[in-house]
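Heads up: the structure comes next, in structure tokens.
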Amino acid sequence: MSLSDPLGDMLTRIRNAQRARHNSCVAPASSLRANVLEALQREGYIRGYKREEIRKGIAQLHIELKYAEGEPVIREIQRVSRPGRRVYSKIKELPRVRAGLGVSILSTPRGVLSDVEARAANVGGEVLCRVF
């Protein structure tokens, strides 16, 4: 089965797993997905993830979700830039998510970064998703 938006599929899997109060979820592996998960882990939204080979050439990402006092840490996760509508932002025009309480994940020339890291590195790029 072919997906038109693989990153959006992974975000939906995370959203659905947290609503069902699962401890973890699984998504097909790719380098972009792994980089987004790395940024989410650095910002403290997930416990961690690991890549597991199912068979030669096919891998999965096992994502460990994070809860605080029984409530999901990720309250809202949404895709911003889609295959049909790419959204790019200069660093000076990047809006703050929920007055700085959330983060945006960007694909920049320096890799996939959160908006806090992108502001520190002074680079803009494609806004992949928003997390609160």
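Read the figures in this text as sums done on the coordinates, not as results from a lab. No experiment lies behind these values; they were computed from the predicted model shown. We place every Cβ from the backbone using ideal geometry, glycine too, and count neighbours over all the protein chains shown.
With r as the distance between the Cβ atoms of Arg96 and Asn16 and R0 = 30 Å, compute the FRET efficiency 1/(1 + (r/R0)^6) and round to 0.05. Numbers along the way, then the final one.
On the way: r = 27 Å, r/R0 = 0.90.
The calculated FRET efficiency here is 0.65.
Could you check the simple spin-label distance between Lys56 and Ala120, using points 7 Å along Cα→Cβ, in nm with one decimal?
Result for the modelled spin labels: 4.2 nm.
Could you compute the FRET efficiency for Leu32 and Glu71, with r as their C-beta to C-beta distance and R0 at 22 Å, rounded to 0.05? Spell out each step's value before the answer.
Working: r = 28 Å, r/R0 = 1.29.
With a Förster radius of 22 Å, E is 0.20.
Against the longest alpha carbon principal axis of the chain, how many degrees, from 0 to 90 and to the nearest 10, is the axis of helix 31-42 turned?
Taking the Cα atoms of the chain, the angle to 31-42 is about 70 degrees.
Among the lysines, select those whose C-alpha is under 24 Å from the C-alpha of Lys66, and discard any that sit fewer than 8 residues away in the same chain.
Lys50
Can you check what the net charge comes to around Arg15, using other residues whose Cβ is under 13 Å from the Cβ of Arg15 (Lys, Arg +1; Asp, Glu -1)? Don't jump to the answer; show the numbers that get you there.
Values: positive: Arg13, Arg19, Arg21, Arg75, Arg79, Arg130; negative: Asp9, Glu76.
So the surrounding residues net to +4.
Taking amide H atoms as placed 1.01 Å from N in the peptide plane, list the residues 5 or more away in sequence, or in a different chain, whose amide H sits under 5 Å from that of Ser30.
For Ser30, no residues qualify.
Give me the angle, in degrees from 0 to 90, between the Cα long axis of helix 6-19 and the longest principal axis of the Cα atoms of the chain, rounded to the nearest 10.
The two axes meet at around 70 degrees.
Using Cα pairs under 8 angstrom and six or more residues apart, how large is the relative contact order of the chain, in percent? Walk me through the intermediate numbers first.
Values: 224 pairs, mean separation 30.0, N = 132.
Relative contact order comes out at 23 percent.
Considering only Ala99, Ala59, Ala39, give the residue with the highest GNM mean-square fluctuation for the chain, with springs between Cα atoms whenever their separation is below 10 Å.
Fluctuation is largest for Ala99.
Over the range 7-64, what is the mean sequence separation of C-alpha contacts under 8 Å (at least six apart), divided by residue count, expressed as relative contact order in percent?
Values: 66 pairs, mean separation 20.0, N = 58.
Relative contact order of the range 7-64: 35 percent.
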